[in-house]
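Working notes for the structure below.
The values are calculated or read from the model by the stated rules, or taken from the named source; none is laboratory data. Everything numeric here is computed off the predicted structure, so don't read it as measured data. Here the Cβ is made from the backbone with ideal geometry for all residues, glycine too, and neighbour counts use every protein chain on show. Ligands, DNA and RNA are stripped out before the accessible areas are found, and what is left, the full protein with its side chains, is counted by its heavy atoms. Shrake-Rupley method; radii C 1.70, N 1.55, O 1.52, S 1.80 Å.
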Amino acid sequence: MQIQFSATRPAPMPGAMPVLALAVEKDGLDRINFGAFDAAAQRLALGAARAARFEGEAGAIAEAFVAQGDAVVQLLLLGVGPGAETDYERAGGALTARLLTSGTEAVVVDFSSLGGAPAATSVARFAAAAVQRSWRIDVYRTKLAEKAKPTLSSITLVGAPEGAEAAWHAQHAVTMGLNLTRTLVALPPNILYPVSFVERFRADVEGLGLEISVLGEVEMAALGMGALLGVSQGSVRDAQLLVIKWSGKGAGDPDLALVGKGVTFDTGGISLKPGPGMEDMKWDMGGAGAVAGAMKALALRKAKANVVGVCGLVENMPDANAQRPGDIVTSMSGQTIEILNTDAEGRLVLCDAITWVQKNHRPKTIVDLATLTGAMIIALGNEHGGMFANDDALADQLLAAGKASGDLLWRFPLSDAYNKLIDSPIADMKNVGPRGAGSITAAQFIQRFVDKGVRWAHLDIAGMVWADKPGATFDKGATGYGVRLLDRFVADNFEG
């Protein structure tokens, strides 16, 4: 999808009906600046809007076909609501959803129809949402009806304020990272597994200035990463630890580490999941996908921050060599773990990845992301990711970034009482606690591997990386959750 900026409405494409969208604020029908449209065309458009009960709500669209000289124009009145950035985002996504497979190839969006100029950042969010909403994965579809194929390829923005185009470039970087994450999350597990995840990421970010290194199973075994490797031992696919470094401030240790759970397919292992719905477990690498996309976004917009991303990539399978309930493994930290449930595997991957990044890069702040627990979906559904943190200031920063970006978070508690629930009578800890507070005891498990003095937050995004219904910036399927959040978190707290 191409986004263009223009001072005036461009001439229509030869042989195509012009499609023009006029931005309309909430309850602003009587204030629309129609420009060159005559009184008859304006009456027709306003009549269509009132018949459809259109009142300028964010994302609402009213349509009319009106005359302009000798031509007929498809005129869309596009609601931008009260005018917040999120309203513009909803409007941009709604426009693409309406036109993507309509046969329309290009649309002009005119913001000069409004009573006043919108904020540059609002227009940038509009453009970003329009592009993000166009993402699809059709590569495995050999038969697709012509009317189901995307046609919209260009959006021209007219009447944007000064600074909007520059703001769009930053949003475009985030969008490209977001689309990488969505692709990784959506790919089938016979195509995306630990080694191919690394290969695809390396090819996608070539030339962006990211420093990439990879640890295989031999290297991880030598380091004592028995928790992560225990998850992988039932799979014929080799585990990988993908390390991505961005040094936007120059040499020196990273200030921030982003650590992602990358279980490219999760059967549950010997503690086998039920068959219905197991196909969804291809997206159990959504945390690693978010880290990969965020690192690409930081590199594309040349963020002035030093950040390292670590993706623990494994496949959890139940063969004769698979980890058993009752096994005890030794983590890289030296702490021992009694395995009660092989389907509580994500925390085993994260604990070794977190230990590794602390020993090798000494970050002052760590944020891990994981589709960790079904209990989080029970608690929050698909509206918020869960957050746990050992530092109130860090928690506030992440909550603010979530609200600003649209990737919402909700904070949960940590305490010694919950921590005791994972004590083991035979090892240092169990990998699961009792049924109650399952998401909290999972976070308490991870916290045991965070060094003293390191700010840490754990984001349980189990309900957020995949959607069964469309949203403002995505269709059904992979959402890319976490990329916008992490980029905003870095921009607000680690740059400047």
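If you go through the stretch 14-32 and keep only what is open to solvent by 80 Å² or more (accessible area, probe 1.4 Å), assigned to a loop (DSSP other than H, G, I, E, B) and either within 22 Å of R133 (Cα to Cα) or out of contact with any strand residue (DSSP E or B) (no Cβ under 6 Å at 6 or more places or on another chain) (or both), you end up with P14, G15, D27. With respect to the stated conditions, A292 fails to be out of contact with any Pro (no Cβ under 7 Å at 6 or more places or on another chain), part of a loop (DSSP other than H, G, I, E, B) and closer than 22 Å to D407 by Cα.
Within the stretch 230-255, if we keep just the residues that are of a type in the set (A, V, I, L, M) and surrounded by fewer than 22 Cβ atoms within 10 Å (Cβ to Cβ), the residue that is modelled with the lowest pLDDT turns out to be A251.
Name the residues in the stretch 110-133 that are part of a loop (DSSP other than H, G, I, E, B), out of contact with any strand residue (DSSP E or B) (no Cβ under 8 Å at 6 or more places or on another chain) and surrounded by fewer than 22 Cβ atoms within 10 Å (Cβ to Cβ), would you? Once the filter is applied, which keeps residues that are part of a loop (DSSP other than H, G, I, E, B), out of contact with any strand residue (DSSP E or B) (no Cβ under 8 Å at 6 or more places or on another chain) and surrounded by fewer than 22 Cβ atoms within 10 Å (Cβ to Cβ), the stretch 110-133 yields G115, G116, A117, A119.
Which of the following residues is in contact (Cβ under 8 Å) with a residue 40 or more places away in the chain, more than 21 Å from A203 (Cα to Cα) and in contact with a Phe, Trp or Tyr (Cβ under 8 Å, 6 or more places away or on another chain): A305, A322?
Exactly one of A305, A322 is in contact (Cβ under 8 Å) with a residue 40 or more places away in the chain, more than 21 Å from A203 (Cα to Cα) and in contact with a Phe, Trp or Tyr (Cβ under 8 Å, 6 or more places away or on another chain), namely A305.
Are any residues in the stretch 465-494 among the polar types (S, T, N, Q) and under 13 Å from G385 (Cβ atoms), and if so, which ones?
Taking the stretch 465-494 and keeping what is among the polar types (S, T, N, Q), we get 473, 479, 493.
Matches in the stretch 465-494: T479 only.
Among the residues of the stretch 172-188, the ones that are outside any helix (DSSP H, G or I) and crowded, with 19+ Cβ neighbours inside 10 Å come to 1 in all.
Whenever a residue of the stretch 150-179 is more than 18 Å from F489 (Cα to Cα), its partners that are surrounded by 18 or more Cβ atoms within 10 Å (Cβ to Cβ) and among the charged types (D, E, K, R), lying with C-beta atoms within less than 6 angstrom and at least six residues away or across chains, give the pairs V158/D110; G159/D110.
Can G252 be described as in contact (Cβ under 8 Å) with a residue 12 or more places away in the chain, in contact with an Asp or Glu (Cβ under 6 Å, 6 or more places away or on another chain) and in a loop (DSSP other than H, G, I, E, B)? In short, no. Selection of the stretch 134-171 for residues being assigned to a helix (DSSP H, G or I), open to solvent by 40 Å² or more (accessible area, probe 1.4 Å) and under 23 Å from N33 (Cβ atoms) yields only E165. Name every residue in the stretch 189-208 that is under 18 Å from Y140 (Cβ atoms) and open to solvent by 30 Å² or more (accessible area, probe 1.4 Å), in order of residue number. Across the stretch 189-208, the qualifying residues are P189, N190, I191, Y193, R200. Of all residues in the stretch 267-305, those that are open to solvent by less than 10 Å² (accessible area, probe 1.4 Å) and closer than 13 Å to W466 by Cβ total 6. Taken over the stretch 43-73, the residue count meeting the criterion of being more than 17 Å from R31 (Cα to Cα) and either part of a strand (DSSP E or B) or in contact (Cβ under 8 Å) with a residue 60 or more places away in the chain (or both) is 10. Whether any residue in the stretch 87-109 is open to solvent by 60 Å² or more (accessible area, probe 1.4 Å), closer than 21 Å to K403 by Cβ and in a helix (DSSP H, G or I) is what I want to check. Looking for residues that are open to solvent by 60 Å² or more (accessible area, probe 1.4 Å), closer than 21 Å to K403 by Cβ and in a helix (DSSP H, G or I), one finds at least one in the stretch 87-109, hence yes.
Among residues of the stretch 23-42 that are of a type in the set (F, W, Y), those with a beta-carbon under 6 Å from a residue that is modelled with pLDDT of 95 or more at least six positions away or on a different chain give the pairs F34/Q42. Restricted to strands (runs of 3 or more DSSP E) entirely inside the stretch 382-496, those with at least 2 residues that are open to solvent by 10 Å² or more (accessible area, probe 1.4 Å) and either of a type in the set (K, R) or within 30 Å of A91 (Cβ to Cβ) (or both) are 409-411. For the stretch 28-49, indicate whether the set of residues that are of a type in the set (K, R) and more than 24 Å from A120 (Cβ to Cβ) is non-empty. Yes, the stretch 28-49 contains at least one residue that is of a type in the set (K, R) and more than 24 Å from A120 (Cβ to Cβ). Residues in the stretch 64-86 that are open to solvent by 10 Å² or more (accessible area, probe 1.4 Å) and within 26 Å of A120 (Cα to Cα): P82, G83, A84, E85, T86. Output the residue which, of all residues in the stretch 209-229 that are among the acidic types (D, E) and loosely packed, with under 14 Cβ neighbours inside 10 Å, is nearest to V195 (Cα to Cα). Checking each candidate, the answer is E219. Residues considered: M285, M281. Of these, the only one that is in contact with a Phe, Trp or Tyr (Cβ under 9 Å, 6 or more places away or on another chain) and over 21 Å from M387 (Cβ atoms) is M281.
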